Amino acid sequence: MRESRSVLPVTATGLHIERDGRRLVDVPEFVVSGRALTVILGPNGAGKSLLLRTLCGLVQPDRGRVLWGGGAPSRALALRVGLVFQKPMLLRRSAFANVVYALRLAGVPWRERKGKAMAALDRAGLAALAHVPARLLSGGEQQRLQVVRAMSVAPDILFLDEPTASADPASTGAVEDLVRRAAAAGTKIVLVTHDLGQARRMADEVVFMNRGRVVERAPAAGFFRQPHSAAARAYLAGEIVL
């Protein structure tokens, strides 16, 4: 059963992660809260995915700490944190059973699970595939299932790590629509993407990272119109960022 208190704000202080003498994440302070849809941008190796995984509790920093709702992360609170990977992580069971399992973990009464699961699949356009083994779905269908499964339990925050990196345009649009619905329903969204078009379509605010650091954080309109940092300007221009 998940705890009743919210995980928001998610607060990171003094985060430092290093591997083989190389700094991967160096973030003195980072707070995730509010309703703005946050997009994290940056070149390969900037530390985007590692920061995201640290915020959601999958990676322990070498130094620093992450707090959820002002307290230490816990297994019960983890049920209020949604995470969608670039490569779908699905159970070896039907699409329907994948969603039912998430609802069971969240403590949804068993009498309500079937209806909620089918409603979730319907929102993703997957109702007709409810009883198809998840791993037999197409790549785009699997990604939609992963997103809607995470959404089905109404998490406080949903982290998405390149959720459409390998998707076709139709699947990309479907995933983006699901994410917008989650945001409209009150879920805080943090999205890592390399797709500048997607960032422009989705972001309320942009966090730009380079060399493990948060270089810039700004409302999306201002960032795309006139970024303050030279690294962000180079990135938006399609240049190599050093």
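Some notes on this structure:
- You can think of it this way: the chain between Leu242 and Asp168 has 23.6 nm of extra reach, that is 0.36 nm per residue less the Cα-Cα gap.
- A crude spin-label estimate for the pair Arg180 and Ala154, with each label 7 Å from Cα along the Cβ direction, gives 2.3 nm.
- Whole-angstrom gap from region 79-145 to region 29-60, using each part's C-alpha centre: 25
- Net charge over other residues, Cβ less than 13 angstrom from the Cβ of Ala119 (K, R count +1; D, E count -1): +4
- A straight chain from Ala128 to Trp110 at 0.36 nm per residue would run longer than the Cα-Cα distance by 4.3 nm.
- Over the chain: helical MRE at 222 nm, DSSP H runs n ≥ 4 each giving -39500 (n - 2.57), nearest 500: -10500 deg cm²/dmol
- Most simply put, the chain has about 60% antiparallel DSSP beta bridges, counting only bridges with both residues inside it.
- Tail beyond 30 Å, pair distance distribution of the chain (Cα, percent): 26
- Axis angle, to the nearest 10 degrees, between helix 169-184 and the longest C-alpha principal axis of the chain: 90 degrees.
Any read-out appearing in this document is the output of simple, stated calculations on the displayed coordinates, not a laboratory observation. Model, not experiment: these values are computed from the prediction. When we count neighbours, we look across all protein chains shown, and the Cβ atoms used for this are built from the backbone with ideal geometry, even at glycine.
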